[in-house]
Amino acid sequence: MAKSDGAQIELLSQYFEGLSDPRGTKNRKHKLAELIVICVCAIISGAKGPTGIERWAKGKEDFLRRFLKLPNGIPSRDSYRRILIALRPEAFQECFLEWLTACVETDTDGTPRLIAIDGKTCRGSHDHSKGLGPLHIVSAWASEQGITLGQIATDEKSNEITAIPKLLEQIDLQNSIVTIDAMGCQKKIVEQIDKGKGAYVVAVQDNQPTLLAEIESMVMTKLEGVKEDLESRAINLSEQGHGRIDERSYGIIKLPKDSPLKKSWPSVKAIGYAIRITQDVKGNESFENRYFIINRYLPVSTFASAVRNHWSIEAMHWTLDVTFREDSQQTSERTLVNNLSWLRRFAISMLKRGQKKGESIVGRMEMAAYNTDRLEQVLCGQ
């Protein structure tokens, strides 16, 4: 394996040179860009927080000194903690997104980008002194590229409805399909996506009872053959594995011109359904029906892909909990929680790039921790 020359880490450092330093001039023992680069490398290598970052850096001091100046030595735990509390999350994220945009290939064949939006609660972030529950973070995940496009922190899960519009403002929605669960089924949200020239596939549940009843009626009317003139597209898929058989049906029904939904949901052009029938080894069957509103009459294969790819953001949340142990990290500092969560999401994006079949995120993280050449390979997308 070729010896690491630190080129990728030096390149990463350049993306933070223009970041506004929130510290007072008297307390700048360490360069801001160097602090952030160390945080990034340590989190990719498995560090959980400021203490772990300091331990990793002390163990890799010879490596770090090859391309960082470190005029006052390796920063302390408190140095990382203070800067992650002081940095404005929006500006912090913007620097990382510039790096990802530069190093992640994007499709040029006109295929829409799939963007999943969902929220995750950081369960160890209560602030009992202020009567605040755990911080809830809503993020946008480009499922095919495996990168986080942005995140907004809120004090309550119920505030997800107000956080999503702010998050959408940060994203270029053109030539994208945005998928959101039922909490995001709000008129303001879907109209914002439509005006941003993006497509949406938004789940509908009991929080919109009138809309749900209309959709259920239309789907049943079509499936039972009562209205043959309803224009529609459908596809059936079958899968076997883990001792069960899954039969899935996906369909899109074009909204008729006289549909009452057009008045209350003007951007909706079609409704979608996903029906899943699961049979276990004993022959027992279970059923699941899901319904969606869509502002494009999409090819049914595209609709099915959007629905199925939404799980990828949940998989990313699972990685945050299981691999990075995010829920077990106890701190009441809200900005620290937000910025650390972003660093972990960035680390997942970097660890997924170049991931080969059979490789796990944990395995790539451990190799990066043990071998600085492998760390550089992760930063190179290898």
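Numbers at a glance
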item	result
Qualifying residue in segment 17-28 (condition: surrounded by fewer than 18 Cβ atoms within 10 Å (Cβ to Cβ) and either at positive phi or modelled with pLDDT of 95 or more (or both))	no
Any hit, segment 153-160, residues being surrounded by 19 or more Cβ atoms within 10 Å (Cβ to Cβ), of a type in the set (A, V, I, L, M, F, W, C) and modelled with pLDDT of 90 or more	no
Matching option when the condition is part of a strand (DSSP E or B), touching a residue at least 12 places away in the same chain (Cβ under 8 Å), β-branched (Val, Ile, Thr) and within 27 Å of LYS188 (Cα to Cα), among ILE277, ILE252, ILE245, ILE235	ILE252
Candidate set: segment 128-145, residues that are in contact with a Leu (Cβ under 9 Å, 6 or more places away or on another chain) and surrounded by fewer than 23 Cβ atoms within 10 Å (Cβ to Cβ); chosen: the one farthest from TRP342 (Cα to Cα)	GLU144
Where GLU34 falls short, out of the listed (1) without any contact (Cβ under 8 Å) to a residue 24 or more places away in the chain; (2) acidic (Asp, Glu); (3) within 24 Å of ILE348 (Cβ to Cβ)	(1)
Residue in segment 349-358 that is without any contact (Cβ under 8 Å) to a residue 60 or more places away in the chain, more than 15 Å from the chain's Cα centre (by Cα), outside the structural domain of LEU35 (by TED's automatic domain parsing) and surrounded by 15 or more Cβ atoms within 10 Å (Cβ to Cβ) present	no
Single match in ARG364, ARG345 (criterion: farther than 29 Å from ARG248 by Cα, in contact with a Lys or Arg (Cβ under 9 Å, 6 or more places away or on another chain) and in a helix (DSSP H, G or I))	ARG364
Listing of helices (runs of 4 or more DSSP H) fully contained in segment 1-92 that carry 2 or more residues being small (Gly, Ala, Ser)	7-14, 32-44, 50-59, 77-86
Selection count where residues are within 14 Å of LEU100 (Cα to Cα) and hydrophobic (A, V, I, L, M, F, W, C), scope segment 141-156	4
PRO71 being more than 25 Å from THR319 (Cα to Cα) and under 22 Å from the mean Cα position of the chain (by Cα)	no
Residue that is surrounded by 14 or more Cβ atoms within 10 Å (Cβ to Cβ) and within 26 Å of ALA199 (Cα to Cα), where the choices are ARG77, ARG113, ARG123	ARG113
Subset of segment 301-340 [within 15 Å of GLY251 (Cα to Cα) and crowded, with 16+ Cβ neighbours inside 10 Å]	THR302, PHE303, ALA304, SER305, ALA306, VAL307, ARG308
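The values are calculated or read from the model by the stated rules, or taken from the named source; none is laboratory data. Note that the structure is predicted; figures quoted are calculated from it, not measured. Every residue, glycine among them, receives a Cβ derived from its backbone with ideal geometry; neighbour counts consider all protein chains shown.
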